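First the structure, in the form of structure tokens, and then the observations on it.
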Amino acid sequence: MARRFRGESRHKVDSKGRVSIPSSFRRVLEAGDPDWTDGLRPQFVIVYGDPRRKFLEGYTMQAIEEIDRKIEAKPRGSIERQMLELTFNVQSHPTEVDNDGRIVLPQKLREKIGLTDEAYFVGSGEKFRIWNPETYESEEMSRARARFEELPPDFDVASLLDGSLEE
């Protein structure tokens, strides 16, 4: 099984848009780049296309290739394929991790999510997300807290692995 993005961390963003990638995320990016070998820079893709989302998503090269295969399986000219191509191909940013473990986030991407001096990295299994820390706390974590508050106090979240809340 492939390595997964796990955990969360906050990192400084400099005036040029450079930000360090969490070291555990770099190991996943290396493992998910078929062309990577020791001494090379791991490559990956940042997807920013969905205008409703207030975060960026990072995908390993293997994960984006799997998405590409699924897009190619859709009928040519279909609305689904057009939306997927726009989101994952057009509105994406191929990049690489530099020798210091950093990436450069272009101004356009920083503006999309309101990133200024800090970025918040959140592991999400096959991908990771980059948030403005304040947006993450006010929107994503407040939604998560609300979901947890609806559950009984003794509810075991691991039980969701065997079913769902709707069952």
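The values are calculated or read from the model by the stated rules, or taken from the named source; none is laboratory data. All values reported here derive from a predicted model rather than from experimental measurement. For neighbour counting, all protein chains shown are included, and Cβ atoms are generated from backbone atoms with ideal geometry for every residue, glycine included. Surface areas here come from the heavy atoms of the whole protein model, side chains and all, with no ligands, DNA or RNA. Shrake-Rupley method; radii C 1.70, N 1.55, O 1.52, S 1.80 Å.
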(request) Identify all residues within segment 77-93 that are on the phi < 0 side of the Ramachandran plot, open to solvent by 50 Å² or more (accessible area, probe 1.4 Å) and part of a loop (DSSP other than H, G, I, E, B); write none if there are none. (result) 91
(message) I need the full set of residues from segment 20-36 which are in contact with a Phe, Trp or Tyr (Cβ under 8 Å, 6 or more places away or on another chain), within 15 Å of residue 98 (Cβ to Cβ) and either assigned to a loop (DSSP other than H, G, I, E, B) or open to solvent by 60 Å² or more (accessible area, probe 1.4 Å) (or both), in order please.
(response) 21, 22, 33
(request) Could you figure out which of (1) more than 25 Å from residue 61 (Cα to Cα); (2) at pLDDT 95 or above; (3) of a type outside the set (Ser, Thr, Tyr) isn't true of residue 132? (result) (1)
(request) Could you check how many residues of segment 37-56 are touching a residue at least 12 places away in the same chain (Cβ under 8 Å) and in a loop (DSSP other than H, G, I, E, B)? (result) 6
(request) Sort through 70, 74, 12 and tell me the only one that's loosely packed, with under 15 Cβ neighbours inside 10 Å, of a type in the set (Lys, Arg), farther than 23 Å from residue 137 by Cβ and modelled with pLDDT of 95 or more. (result) 70
